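Working notes for the structure below.
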Amino acid sequence: MPCNVQDEAQVEAVFETIQKEWGRLDILIHCLAFANRDDLTGDFSSTSRAGFQLALDISAYSLVALARGAKSLMTEGGSIVTLTYLGGVRVVPNYNVMGIAKAALEMNVRYLAAELGPNNIRVNGISAGPIRTLASSAVGGILDMIHHVEDIAPLRRTVTQTEVGNATAFLCSDLSSGITGQILYVDSGYCIMGM
Ligand code: 0WE
């Protein structure tokens, strides 16, 4: 189904259909983000009010809206997983307003985990290292960042989409039944390095 997360009616329609077709829900994967291209380069202080609101609405608020819909359908417990990036906790050149959006997203994970825990609904984030994809090829300097990870990260390589998917499957499964409110780094160990 189409789900423009900026449109509350579309979000509600998705959960109404899930209710009708499946009756309940076990897992929700939140895997989307957007900032204006112009806001992913240059001076962070140039970010406009509108650009800031757009990035935070789509990339961070959307998890709150989707979790609200999922909460009422996860009647036998459940798992919510979102995708985040190191730029939400440390300064990554040019990540700019997306870093602020990811910081908000990661705090959403903790507040939602606290609220939904009594319903046995777990909420976690995966902080993936940079990956060459169609979306990331739109990001200037992505190849330099990938080479930097290959030089510095303990595993001396970037992660694959399969590795991110496998970690997501873990967080969706009962193997992770005691884990909620966490950010799991799937980044070849990059973030432990200080020099
Ligand atoms: O979260 C992201 C990028 C998400 C993203 C990508 C685009 C490209 C096209 C959000 N909005 C847009 N808007 C567009 O118009 N990443 C983790 C990948 C990424 O993006 C960067 C990075 C990395 C890593 C931007 C600057 C610096 C590093």
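As I understand it, the value is the acute angle between the Cα axis of helix 97-116 and the longest principal axis of the Cα atoms of the chain; what does it come to in degrees, rounded to 10? That works out to roughly 30 degrees. With 31 Å as the cut-off, how large is the P(r) tail for the chain, expressed as percent of Cα-Cα pairs? Cα-Cα pairs in the chain separated by more than 31 Å: 19 percent. So what's the angle, to the nearest 10 degrees on a 0 to 90 scale, between helix 142-152 and the longest Cα principal axis of the chain? Rounded to the nearest ten degrees, it is 80. Largest GNM mean-square fluctuation among ALA153, ALA128, ALA113, using the chain with Cα springs under 10 Å: ALA153. GNM remark for the chain: springs join alpha carbons under 10 Å apart, and the peak mean-square fluctuation among GLY78, GLY69, GLY141 falls on GLY141. Between ILE152 and GLN53, what is the FRET efficiency for a Förster distance of 35 Å, r being their Cβ-Cβ separation, to the nearest 0.05? Here the calculated transfer efficiency is 0.55.
Summary value for the range 31-117: 38 percent relative contact order, contacts being C-alpha pairs under 8 angstrom separated by 6+ residues. Computed from Cα atoms, the angle from the helix 8-22 axis to the main principal axis of the chain rounds to 50 degrees.
Database remark: amide H of HIS30 closer than 5 angstrom to the amide H of VAL81, THR82, LEU83 (H placed geometrically; neighbours at sequence offset of 5 or more, or on other chains; Pro and chain starts carry no H).
Calculated mean residue ellipticity at 222 nm for the chain: -12500 deg cm²/dmol, from DSSP H runs with n ≥ 4 weighted as -39500 (n - 2.57), summed, divided by the residue count and rounded to 500.
Only the coordinates and a few stated rules stand behind these numbers; no lab work does. Predicted model only: the values in this text are computed from it and were never measured. Every residue, glycine as well, gets a Cβ built from its backbone with ideal geometry; the counts of neighbours run over all protein chains shown.
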